[in-house]
Amino acid sequence: KVIHTVGSLLEVSYIIIKSKPGNMVPGLGTETLDGIRSSYLLNLKKLVVSGKFEFAPRRRVLIPKPNGDGTRPLGVGSPREKIVQKSLEIILSHLWVSEMSAHSHGYLAGRRAKTALHEIELTFRGST
């Protein structure tokens, strides 16, 4: 049952990642999210379940800054690593979200700096 769940989780992770723009940086090899087939996910599942999956060092690419003032480094992983990372994120967030403080605004779905500022605005009564 666990093996089937791992395969399903990898498929869901792939769908989530593929639907987001910006997951391919040109010039980083031939492996893309578009080329992934069910056999690819099956092989990935076998590696993960057997404990043989290993993350490779990130490829470092320089990308132009939005303001046109030089470049900045970006570490880019392979599509299979992105799928495994997303799967881990789903598992860990499910396990830990119930233990997070109601006042935590980082790394939680629907929470960010803007929601933290809104909470401060609602609860802070000033000081002297």
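Starting with the highest mean, order 83-95, 44-56 by the number of other Cβ atoms within 10 Å, averaged over the residues of each peptide.
Values: 83-95: 15.0, 44-56: 12.8.
Most protected by this proxy first, the peptides run 83-95, 44-56.
Based on the alpha-carbon gyration tensor of the range 54-128, what equivalent-ellipsoid semi-axes (square roots of 5 times the eigenvalues) come out, in whole Å, largest first?
On the way: eigenvalues 221, 108, 13 Å².
They are 33, 23, 8 Å, listed from largest to smallest.
Taken together, the values in this text are just the output of simple stated rules run on the coordinates, not laboratory data. All values reported here derive from a predicted model rather than from experimental measurement. Here the Cβ is made from the backbone with ideal geometry for all residues, glycine too, and neighbour counts use every protein chain on show.
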